[in-house]
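Written out below as structure tokens is the structure these notes cover.
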Amino acid sequence: MTAEKGRLRVDIDLELFESLRSWRKQTAEEAAVPAFVVFTDATLTAVAMEHPTSEGALRRIPGIGQVKVERYGSALLDVVRRHASQTSRRDTQ
């Protein structure tokens with residue numbers, strides 16, 4: 001889906017974005033911190049646009065540094081991979 005904000009046109013995978021938000025909410029609740037401490041919406045938007053597949057790709061996204069990769073990288077990449085797998089299965093049916 002394409003979202004337009006002013007004159008900026010951005011392609012965002014809204015299903016992935018919602019999956020990431022759900023994961024972030026659960027992760028934040030388990031850690032007893034606000035959701036934005038885990039990742040901001042802007043960072044999740046970038047993930048939903050980029051579909052990173054490695055820790056290196058995660059580190060290239062604004063808002064994700066080494067500490068965030070160490071703390072959340074594996075779980076975040078699992079969400080992206082699950083989404084890609086589900087999308088791929090739907091596309092082949």
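I need the full set of residues from the range 7-47 which are assigned to a loop (DSSP other than H, G, I, E, B) and among the aromatic types (Phe, Trp, Tyr), in order please.
The answer is PHE39, and nothing else.
For the range 41-78: of the residues being among the small types (Gly, Ala, Ser) and closer than 16 Å to ARG21 by Cβ, which is nearest to the chain's Cα centre (by Cα)?
Within the range 41-78, the match that is nearest to the chain's Cα centre (by Cα) is ALA48.
Does PRO62 satisfy being open to solvent by less than 10 Å² (accessible area, probe 1.4 Å) and farther than 19 Å from GLN26 by Cβ?
no
Looking at this structure, is GLU29 within 19 Å of ASP11 (Cβ to Cβ), open to solvent by 70 Å² or more (accessible area, probe 1.4 Å) and of a type in the set (D, E, K, R)?
No, not satisfied.
The values are calculated or read from the model by the stated rules, or taken from the named source; none is laboratory data. Keep in mind that this is a model prediction, so the values were computed, not measured. No Cβ is skipped: glycine too gets one built from the backbone with ideal geometry, and neighbour counts run over all protein chains shown. Each accessible area value is taken on the protein alone, full model and side chains, heavy atoms only, with ligands, DNA and RNA left out. Shrake-Rupley method; radii C 1.70, N 1.55, O 1.52, S 1.80 Å.
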